[in-house]
1. Would you please name the residue that is modelled with the highest pLDDT, looking only at residues in the stretch 26-54 that are among the charged types (D, E, K, R) and open to solvent by 100 Å² or more (accessible area, probe 1.4 Å)?
2. So, in the stretch 1-11, exactly how many residues are open to solvent by 100 Å² or more (accessible area, probe 1.4 Å) and part of a helix (DSSP H, G or I)?
Amino acid sequence: MNVKKIAGLAGIALVLFFVIAQPGQAAGLVGNIIDFLRDSAESVITFVSNVFKG
């Protein structure tokens, strides 16, 4: 096995452990990530709209 494959499997195992051990916190983390991505996308859309508006 190469190191990249082992690291990927370890990462998946860590995520699964976190979800199983603390599902409420894992759900909150995912919600925060989604909120961040949505806010970022809205900011980019606002920026592009303002660039082409003026």
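1. R38
2. Count: 3.
The values are calculated or read from the model by the stated rules, or taken from the named source; none is laboratory data. Remember, it's a predicted structure, so these values are computed and weren't measured experimentally. All accessible areas refer to the heavy atoms of the entire protein, side chains included, with ligands and DNA or RNA removed. Shrake-Rupley method; radii C 1.70, N 1.55, O 1.52, S 1.80 Å.
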